[in-house]
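Colleague: Encoded as structure tokens, here's the structure I'll be asking about.
The values are calculated or read from the model by the stated rules, or taken from the named source; none is laboratory data. The structure presented is a predicted model; accordingly, all values stated were derived computationally and were not measured. Cβ placement follows ideal geometry from the backbone for every residue including glycine, while neighbour counts extend to all protein chains displayed.
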Amino acid sequence: MWGARMKTILVPTEHGAAMASALDTALLLAKKFDSCIEGFPLRPAVADLVAMDPDSGLTMVAVKENDAEMVRHAEDLFRAFMASHQVPERTGEAKAALSCTWLREAPSGHDFVGSYGRVFDVIVLARPGDEWQSPSMVTLESALFESGRPVLIAPPASPHSLGTNILVAWNCSTEQARTMADAMPLLRLAERITILTVEGATVAGPNGEQMAHSLKMNGIAAEPITLKPSKRGAGDTILAKADELGCDLIVKGAYTQSRLRQMIFGGTTRYILANAKLPVLMAH
């Protein structure tokens with residue numbers, strides 16, 4: 001059954017400090033399901049690298065050389081990480097097991113992940129920076145809105161565990177329901193699940209107790225709780241409770257409010273993206 005296990009993991013790879021946590025997070029996930037981790041070089045579209053002078057052939061040469069160097073650095077980083085953790089490269093139709101592979105011919109541009117990610121069970125990304133027009137945010141939004149697949153967002157520092165103690169940020173929404181369906185492989189393996197509803201941060205729909213009952217019917221135990229929001233809002237309440245409970249994963253539907261509203265006024269998704277110190281599984 002599709003999504004019964006997270007066997008295929010996509011990791012857009014670029015040279016930078018944030019990639020260490022993204023790769024560590026992907027490996028923690030892959031070890032749970034004997035997955036294949038596929039990397040590809042993530043870098044700006046060639047046309048975005050410089051404002052090219054149409055009369056200068058040298059400019060295009062320099063741009064292409066820079067692009068090729070970024071591709072090499074990304075591949076070297078990915079392969080070195082996998083080698084250091086004894087993750088073998090997948091070859092042919094070998095029996096399903098923990099493995100890795102590299103997509104060399106990926107096009108440039110931060111939106112490729114949105115289309116290519118559709119054939120993977122999950123996409124793992126580093127947490128985006130504070131700039132909402134940054135390339136990392138373009139990558140995340142492409143993954144969330146274009147792939148149709150869940151996105152596991154790694155924290156700034158590499159996590160030590162993943163999915164043993166899960167906090168579900170339940171807000172009764174369609175987006176949260178989709179995320180729950182995508183998270184089922186992890187929920188089935190979890191030792192503890194808390195379904196947290198924050199008062200005033202929900203839409204019309206089934207409550208946390210009803211979600212807990214649905215999970216129980218699937219053989220999954222979960223504890224529903226409801227809290228009042230802190231002065232900083234629902235996002236702060238969710239992260240504080242996750243920290244208090246020692247959770248190592250948050251399951252959160254993304255952008256129940258519109259992206260524009262969240263950028264202007266703030267919102268739970270935006271707050272969690274900016275402040276989470278543990279992995280967050282999101283879908284839209």
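Colleague: Condition first: surrounded by fewer than 17 Cβ atoms within 10 Å (Cβ to Cβ) and assigned to a loop (DSSP other than H, G, I, E, B). Can you find one or more residues in the range 164-174 that meet it? Give the derivation first.
Modeller: Narrowing the range 164-174 to residues surrounded by fewer than 17 Cβ atoms within 10 Å (Cβ to Cβ): 164, 174.
If we keep only those that are assigned to a loop (DSSP other than H, G, I, E, B) as well, we get 164.
So far as the range 164-174 goes, yes, one or more of its residues are surrounded by fewer than 17 Cβ atoms within 10 Å (Cβ to Cβ) and assigned to a loop (DSSP other than H, G, I, E, B).
Colleague: Let me ask you something else. Answer with yes or no whether residue 186 is under 23 Å from the mean Cα position of the chain (by Cα) and surrounded by 15 or more Cβ atoms within 10 Å (Cβ to Cβ). Working first, answer last.
Modeller: Details: under 23 Å from the mean Cα position of the chain (by Cα): yes; surrounded by 15 or more Cβ atoms within 10 Å (Cβ to Cβ): yes.
For residue 186, the condition - under 23 Å from the mean Cα position of the chain (by Cα) and surrounded by 15 or more Cβ atoms within 10 Å (Cβ to Cβ) - is met.
Colleague: Now for a separate question. Take the residues in the range 63-82 that are more than 24 Å from the chain's Cα centre (by Cα) and surrounded by 14 or more Cβ atoms within 10 Å (Cβ to Cβ), then tell me which one is modelled with the lowest pLDDT.
Modeller: Within the range 63-82, the match that is modelled with the lowest pLDDT is 63.
Colleague: I'd like to check something: does the range 97-104 contain any residue that is surrounded by 18 or more Cβ atoms within 10 Å (Cβ to Cβ), in contact (Cβ under 8 Å) with a residue 40 or more places away in the chain, under 23 Å from residue 239 (Cβ atoms) and not β-branched (Val, Ile, Thr)?
Modeller: Let us first name the residues in the range 97-104 that are surrounded by 18 or more Cβ atoms within 10 Å (Cβ to Cβ), namely 98-100, 102.
Those still in the list that are in contact (Cβ under 8 Å) with a residue 40 or more places away in the chain too: 98-100, 102.
Of the ones still in play, those that are also under 23 Å from residue 239 (Cβ atoms) are none.
Among the residues of the range 97-104, not one is surrounded by 18 or more Cβ atoms within 10 Å (Cβ to Cβ), in contact (Cβ under 8 Å) with a residue 40 or more places away in the chain, under 23 Å from residue 239 (Cβ atoms) and not β-branched (Val, Ile, Thr), which makes the answer no.
Colleague: Is it the case that residue 248 is out of contact with any Asp or Glu (no Cβ under 9 Å at 6 or more places or on another chain) and closer than 29 Å to residue 22 by Cα? Quick ask: steps written out before the conclusion?
Modeller: Working: out of contact with any Asp or Glu (no Cβ under 9 Å at 6 or more places or on another chain): yes; closer than 29 Å to residue 22 by Cα: yes.
Against the criterion (out of contact with any Asp or Glu (no Cβ under 9 Å at 6 or more places or on another chain) and closer than 29 Å to residue 22 by Cα), residue 248 qualifies.
Colleague: Considering the range 237-251 alone, what residues qualify as being surrounded by 22 or more Cβ atoms within 10 Å (Cβ to Cβ), in contact (Cβ under 8 Å) with a residue 60 or more places away in the chain and outside any loop (DSSP other than H, G, I, E, B)?
Modeller: 238, 242, 249, 250, 251
Colleague: Cβ-Cβ distance below 6 Å, separation of 6 or more or different chains: which pairs start in the range 147-168 with a residue that is at positive phi and end on one that is surrounded by 15 or more Cβ atoms within 10 Å (Cβ to Cβ) and not charged (D, E, K, R)?
Modeller: 163/186; 163/190; 163/249
Colleague: Here is a follow-up. So is residue 204 touching a residue at least 12 places away in the same chain (Cβ under 8 Å), assigned to a helix (DSSP H, G or I), surrounded by fewer than 15 Cβ atoms within 10 Å (Cβ to Cβ) and among the small types (Gly, Ala, Ser) or not?
Modeller: On the way: touching a residue at least 12 places away in the same chain (Cβ under 8 Å): yes; assigned to a helix (DSSP H, G or I): no; surrounded by fewer than 15 Cβ atoms within 10 Å (Cβ to Cβ): yes; among the small types (Gly, Ala, Ser): yes.
No, not satisfied.
Colleague: Considering each residue of the range 190-201, count those that are surrounded by 14 or more Cβ atoms within 10 Å (Cβ to Cβ) and closer than 28 Å to residue 120 by Cα, and give that number. Break it down stepwise before answering.
Modeller: Restricting attention to the range 190-201, the residues satisfying the condition of being surrounded by 14 or more Cβ atoms within 10 Å (Cβ to Cβ) are 190, 192-198, 201.
In the following step, the residues that additionally are closer than 28 Å to residue 120 by Cα were identified as 190, 192-195.
The qualifying residues number 5.
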